[in-house]
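Here's the structure, in structure tokens; my notes come after.
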């Protein structure tokens with residue numbers, strides 16, 4: 001079951017990434033991306049994987065030790081949990097970047113590579129987007145975020 005959930009984690013969210021990258025101006029893409037529900041598939045998978053190992057996981061996250069954490073992450077369940085965590089967070093951040101890019105009218109040919117980098121290497125994609133955002137936000141309304149206020 002763990003291997004199946006691991007495989008499903010990305011497959012269930014890939015359509016959202018594909019829409020944001022290849023159909024960014026389509027009205028349905030924005031409507032879908034505006035919903036926080038798009039991050040639920042990997043979150044549900046995370047919870048399903050987490051519940052059986054919660055007694056083992058809780059000490060690892062409340063009192064982390066590198067060796068013990070590495071040992072847990074070397075298991076199928078540990079790797080699948082980390083993967084679901086990363087996929088959920090990357091999509092949450094990518095969705096915010098997409099919405100901010102649309103708000104600022106960042107050209108899709110600029111946003112697409114940033115979003116691809118975020119899928120693959122989110123800690124690099126986020127600061128890259130923040131630079132794009134700063135350059136494209138002529139009024140420097142950084143606190144406006146996605147609320148359009």
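Side notes on the structure shown:
- Acute angle (nearest 10 degrees) that the helix 2-22 long axis makes with the longest principal axis of the chain, alpha-carbon atoms: 0
- Helix 108-136 and the longest principal axis of the C-alpha atoms of the chain enclose an angle of approximately 20°.
- Theoretical ellipticity at 222 nm over the chain - DSSP helices of four or more residues, -39500 (n - 2.57) apiece, nearest 500: -26500 deg cm²/dmol
- Cα gyration tensor category, rounded, prolate or oblate, for the chain with a/c compared to 1.5: prolate
Bear in mind that the values in this text are calculations on the coordinates, not laboratory data. Note that the structure is predicted; figures quoted are calculated from it, not measured.
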